[in-house]
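K.L.:
I'd like to ask some things about the structure below.
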Amino acid sequence: MSGAVEEALRARREAGGKSLVIYMTGALDDDFETTVLAVAAAGADVIEIGIPFSDPVMDGPVIQEANEKALKGGATPANILSRLERLDVGVPLAVMTYYNIAAHMGLERFAQSLAKAGVSGCILPDMPLEETADWAAAADAAGVETILLAAPTGDDERLTAVCERSRGFIYGVGLLGVTGVRSELASSATEIARRLKNLTDLPVLIGVGIGTPEQAVEAAAAGDGVVVGTAVVERMLSPEGPEGVAALVKDFREALNA
Amino acid sequence: MELNENEALKPPDASGRFGDFGGRFVPETLMPACLELEKAFNEAWADPSFRKQLDDLLADYAGRPSPLTDCPNLSELLGCRILLKREDLNHTGSHKINNVLGQALLAQRMGKTRLVAETGAGQHGVATATAAALLGMECCVYMGEVDVERQKLNVFRMRLLGAEVRTALSGSRTLKDAINEAMRDWVATVEDSHYCLGSVMGPHPYPWMVRTFHEVLGSEARSQCQERLGTTPDVVVACVGGGSNAIGIFSGFADSPADLVGVEPAGGAAVGRGVPGVVHGSRSFLMQDEFGQVLEAESISAGLDYPGVGPEHSFLAASGRARYESVTDTEVVEAFQLLSRLEGIIPALEPAHALAWVSRERASLAGKTVLINLSGRGDKDVDQILELLEKEGRA
Ligand SMILES: Cc1ncc(COP(=O)(O)O)c(C=O)c1O
């Protein structure tokens, strides 16, 4: 049985399009709700909400800064989820956070609170395949899609096992490194997309290191779409407000549609 | 005489767990490297030529075995017999070299050309830079901005040894953040770099591998005590940051009747003030807030200024085989001066924690034999203590 994230991404693929998943740090400022709605309206297929963690080892300086700012502003897992619960976003939501945030609340309680807030999927970037069982049991029971990362360092056997356990989509890590914008798209991005497409029927999305609409188009060509994070968060940290963020998302959407 | 095979400290299970603690909570990108490292370590450890290479370096380069020193003056003052395991006399000035030589040789055997490390007090960074210089490897050490300031001497030593020192500016700008930066580096460089982790923490196989490399100090201490005392000591005490020097000495006595005591700083007492949590690759006791955000530690000692602890210590605490106590910065500064004055040995601030606990507990320790792991020497701390005592008008 597939969830809302997978359905949305499959629908986009069946219509011949490329998917756009947008990451944004949760409760970064008072514009949080407005920004989520603007990102959905600008053409995101799925929105990933980051629940900030004090020690985000998979994140580069921009998302780290956003994490710190949100935490200083009083962001907590519970208040982010309750703010989401009150929103009618119109596209499926996923949460991205680190394992300790879920473990500290209790894996079952965390999974259930995602479901209650209307969040369909969850990504825990410090949870490799070997540590997935406990969380996945809790998430499956709550009807939450556990989206796993597939890295260029994995051999085909490993990538196959990761794809089998992933729900929603498979998140292909586009490069060796943490989140952040790079001047050029790494060749590993198209390579991991191609490898994953050969191994699974799940939607294959490439993220990490995709900073411009041109890079998004290039990465999406070999897969089913992209995840864009740092570029969006950078815009959120700028004075341009929700409209500025929406304009950027629209640029990505239009490039992928062209 | 082969005295012990460390029967009481078992290896972790296949998932890297000691009871409920440990595991491998790392980004998927790093998981193949953790599996490869585990396999390479197992093969190397079973290979007599690797063991000989390491033993030769430990003896001829690092100066092992380190002596066991009786402390007549301190013993008289405290009313118990104090013995020190002198890891301060190793090359580079601390126990850290045991682990680093093992990992550097292993990295070389795996075809890696670059070592990445984190450091708090700078002792692990200096040891890693030293091994890299010896083996002709590139070396990059991450150190929090606060520690770069308070351990200036070690920063210069690392640079002299040819290492690049990168300042970690995020979070508390101490050891925790240096580890974050080192892990981020490793995620990007895993193909040619080995992460030379400095304590019994991180994802499997690190806690177990680092312990294994430090067992040499525990088994030496066991035979030295046997020779000197004809028996094992009543109490074995060590400071605990991540817990590598402590697990090293505990490993020699875990199967003996000795009390095992780990001493944490009051401001970084993971076992004392933490609850189980997941950070830096494993599940262990961790100081965190009500939402699971990791708290910033606060300690005078850069090497112990860490909110977590290695998973095997959580297991030893939960099972009751070892206990964990804490001491304040003030008690540590007193102990630092006490050993200097009475025995002519200037300890590092880290093992001064172990001394401080013994000094405070002298009444309950009366008449006992107490073995303290003197994990490092205090040269690196002299500046910081001078400044502090001057400020208080006591220097
Ligand atoms: C001399 C000395 N002892 C102890 C430590 C703490 O580490 P661990 O708890 O792993 O022994 C350090 C760390 O920098 C150190 O330099």
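The values are calculated or read from the model by the stated rules, or taken from the named source; none is laboratory data. Since this is a predicted model, take the numbers as computed values, not measurements. No Cβ is skipped: glycine too gets one built from the backbone with ideal geometry, and neighbour counts run over all protein chains shown.
K.L.:
Against the condition assigned to a helix (DSSP H, G or I) and hydroxyl-bearing (Ser, Thr, Tyr), how does B:SER251 come out, does it pass? Reasoning before the result, please.
P.N.:
Values: assigned to a helix (DSSP H, G or I): yes; hydroxyl-bearing (Ser, Thr, Tyr): yes.
Considered against the rule, which asks whether it is assigned to a helix (DSSP H, G or I) and hydroxyl-bearing (Ser, Thr, Tyr), B:SER251 comes out as yes.
K.L.:
Could you name every one of the helices (runs of 4 or more DSSP H) located completely within region B:133-195 that has at least 2 residues being assigned by TED's automatic domain parsing to the domain that holds B:LEU101 and within 20 Å of A:THR153 (Cβ to Cβ)?
P.N.:
Working: elements: B:145-150, B:152-160, B:175-189.
Per the criteria, B:175-189.
K.L.:
Need a quick list: strands (runs of 3 or more DSSP E) entirely within region B:269-373 having at least 3 residues that are crowded, with 24+ Cβ neighbours inside 10 Å, assigned by TED's automatic domain parsing to the domain that holds B:CYS71 and within 16 Å of the ligand (Cβ to nearest atom). Steps first, please.
P.N.:
Details: elements: B:275-279, B:281-286, B:322-327.
Passing ranges, in order: B:281-286.
K.L.:
Say we look at region B:79-125 and pick out the residues that are within 9 Å of the ligand (Cβ to nearest atom), of a type outside the set (Lys, Arg) and in a helix (DSSP H, G or I); which of these is nearest to B:ALA163 (Cα to Cα)?
P.N.:
So in region B:79-125, the residues within 9 Å of the ligand (Cβ to nearest atom) come out as B:87-88, B:93-96, B:99, B:119-125.
Remaining after also requiring of a type outside the set (Lys, Arg): B:87-88, B:93-95, B:99, B:119-125.
If we keep only those that are in a helix (DSSP H, G or I) too, we end up with B:87-88, B:93, B:99, B:123-125.
Values: B:GLU87: 23, B:ASP88: 22, B:GLY93: 18, B:ASN99: 18, B:GLN123: 13, B:HIS124: 12, B:GLY125: 9 Å.
If we take residues in region B:79-125 being within 9 Å of the ligand (Cβ to nearest atom), of a type outside the set (Lys, Arg) and in a helix (DSSP H, G or I), then B:GLY125 is nearest to B:ALA163 (Cα to Cα).
K.L.:
Next up: Surrounded by fewer than 20 Cβ atoms within 10 Å (Cβ to Cβ) and within 14 Å of chain A (Cβ to nearest Cβ): does that describe B:GLU149? It would help to see each step written out before you state the result.
P.N.:
Numbers: surrounded by fewer than 20 Cβ atoms within 10 Å (Cβ to Cβ): yes; within 14 Å of chain A (Cβ to nearest Cβ): no.
No, not satisfied.
K.L.:
Against the condition in contact (Cβ under 8 Å) with a residue 40 or more places away in the chain and within 25 Å of B:LYS152 (Cα to Cα), how does B:SER301 come out, does it pass? Spell out the reasoning first.
P.N.:
Details: in contact (Cβ under 8 Å) with a residue 40 or more places away in the chain: yes; within 25 Å of B:LYS152 (Cα to Cα): yes.
Yes; evaluated as a whole, the condition is true for this residue.
K.L.:
Select, from A:LEU107, A:LEU124, A:LEU129, the only residue that is of a type in the set (A, V, I, L, M, F, W, C), under 19 Å from the mean Cα position of the chain (by Cα) and more than 25 Å from A:ARG194 (Cβ to Cβ). Before the answer, list the steps.
P.N.:
Numbers: A:LEU107 fails: under 19 Å from the mean Cα position of the chain (by Cα); A:LEU129 fails: more than 25 Å from A:ARG194 (Cβ to Cβ).
One residue alone meets the criteria, A:LEU124.
K.L.:
Hey, another quick one. Any residue in region A:99-113 that is within 9 Å of another protein chain (Cβ to nearest Cβ) and touching a residue at least 40 places away in the same chain (Cβ under 8 Å)? Give the steps one after another, and end with the answer.
P.N.:
Taking region A:99-113 first, the residues within 9 Å of another protein chain (Cβ to nearest Cβ) are A:99-105.
Filter again for touching a residue at least 40 places away in the same chain (Cβ under 8 Å), leaving A:100-101.
Checked region A:99-113: at least one residue is within 9 Å of another protein chain (Cβ to nearest Cβ) and touching a residue at least 40 places away in the same chain (Cβ under 8 Å).
K.L.:
What's the number of the condition B:ALA62 fails, among (1) surrounded by 19 or more Cβ atoms within 10 Å (Cβ to Cβ); (2) not in a loop (DSSP other than H, G, I, E, B)?
P.N.:
Result: B:ALA62 fails condition (2) only.
K.L.:
Answer with yes or no whether A:ASN67 is farther than 30 Å from A:LEU175 by Cα and within 10 Å of chain B (Cβ to nearest Cβ).
P.N.:
On the way: farther than 30 Å from A:LEU175 by Cα: no; within 10 Å of chain B (Cβ to nearest Cβ): yes.
No: the conditions fail for A:ASN67.
K.L.:
When region B:227-260 is examined, which residues are found to be away from the ligand (no atom under 13 Å from the Cβ), β-branched (Val, Ile, Thr) and buried (at least 24 other Cβ atoms within 10 Å of the Cβ)?
P.N.:
Going through region B:227-260, the residues away from the ligand (no atom under 13 Å from the Cβ) turn out to be B:227-236, B:252-260.
Those still in the list that are β-branched (Val, Ile, Thr) too: B:231-232, B:235-236.
Correct list: B:VAL236 only.
K.L.:
Hey, any hits in region A:49-63 for a residue that's under 24 Å from A:GLY211 (Cβ atoms) and among the hydroxyl-bearing types (Ser, Thr, Tyr)?
P.N.:
No, the conditions are met nowhere in region A:49-63.
K.L.:
For region A:39-59, give me the residue count where each residue is more than 17 Å from A:GLY180 (Cβ to Cβ), buried (at least 24 other Cβ atoms within 10 Å of the Cβ), of a type in the set (Gly, Ala, Ser) and away from every other protein chain (no Cβ under 12 Å).
P.N.:
1
K.L.:
State the number of residues belonging to region B:47-104 that are out of contact with any helix residue (DSSP H, G or I) (no Cβ under 6 Å at 6 or more places or on another chain), closer than 26 Å to B:SER364 by Cβ and hydrophobic (A, V, I, L, M, F, W, C).
P.N.:
Qualifying residue count for the region: 3.
K.L.:
So which residues in region B:195-215 are in contact with a Ser or Thr (Cβ under 9 Å, 6 or more places away or on another chain) and more than 14 Å from chain A (Cβ to nearest Cβ)?
P.N.:
Scanning region B:195-215 gives B:CYS196, B:GLY198, B:SER199, B:VAL200, B:TYR206, B:PRO207, B:VAL210, B:ARG211, B:THR212, B:PHE213, B:HIS214, B:GLU215.
K.L.:
Check off (1) within 12 Å of chain B (Cβ to nearest Cβ); (2) closer than 22 Å to A:VAL173 by Cα for A:ALA75 and give me the number that stays unchecked.
P.N.:
Failing condition for A:ALA75: (2).
K.L.:
Of the conditions (1) more than 20 Å from A:LEU114 (Cα to Cα); (2) over 18 Å from the mean Cα position of the chain (by Cα), A:SER82 clears all except one; give me its number.
P.N.:
(1)
K.L.:
Can you spot a residue in region B:211-226 that is away from the ligand (no atom under 14 Å from the Cβ) and either at pLDDT below 95 or in a loop (DSSP other than H, G, I, E, B) (or both)?
P.N.:
Looking through region B:211-226, none of the residues is away from the ligand (no atom under 14 Å from the Cβ) and either at pLDDT below 95 or in a loop (DSSP other than H, G, I, E, B) (or both).
K.L.:
Which condition number in (1) under 18 Å from the mean Cα position of the chain (by Cα); (2) within 11 Å of chain B (Cβ to nearest Cβ); (3) in contact (Cβ under 8 Å) with a residue 40 or more places away in the chain is the one that A:VAL62 fails?
P.N.:
The one condition A:VAL62 does not meet is (2).
K.L.:
Consider A:ALA141 carefully, then state whether it is closer than 19 Å to B:THR29 by Cα, small (Gly, Ala, Ser) and more than 9 Å from chain B (Cβ to nearest Cβ). Explain how you work it out, then say what you get.
P.N.:
Numbers: closer than 19 Å to B:THR29 by Cα: no; small (Gly, Ala, Ser): yes; more than 9 Å from chain B (Cβ to nearest Cβ): yes.
Against the criterion (closer than 19 Å to B:THR29 by Cα, small (Gly, Ala, Ser) and more than 9 Å from chain B (Cβ to nearest Cβ)), A:ALA141 does not qualify.
K.L.:
State all residues of region B:263-275 that are within 14 Å of chain A (Cβ to nearest Cβ) and in contact with a His (Cβ under 9 Å, 6 or more places away or on another chain); if no residue qualifies, say none.
P.N.:
Residues satisfying the conditions are B:ALA270, B:VAL275.
K.L.:
I'd like to know if region B:167-185 contains one or more residues that are without any contact (Cβ under 8 Å) to a residue 12 or more places away in the chain, within 14 Å of chain A (Cβ to nearest Cβ), touching a Gly at 6+ places or on another chain (Cβ under 9 Å) and surrounded by 24 or more Cβ atoms within 10 Å (Cβ to Cβ).
P.N.:
Yes; the residues of region B:167-185 include at least one that is without any contact (Cβ under 8 Å) to a residue 12 or more places away in the chain, within 14 Å of chain A (Cβ to nearest Cβ), touching a Gly at 6+ places or on another chain (Cβ under 9 Å) and surrounded by 24 or more Cβ atoms within 10 Å (Cβ to Cβ).
K.L.:
Could you tell me which of the residues B:ARG86, B:ARG64, B:ARG17 is within 14 Å of another protein chain (Cβ to nearest Cβ) and within 21 Å of the chain's Cα centre (by Cα)? Show your work before the answer.
P.N.:
Details: B:ARG86 fails: within 14 Å of another protein chain (Cβ to nearest Cβ); B:ARG64 fails: within 14 Å of another protein chain (Cβ to nearest Cβ).
One residue alone meets the criteria, B:ARG17.
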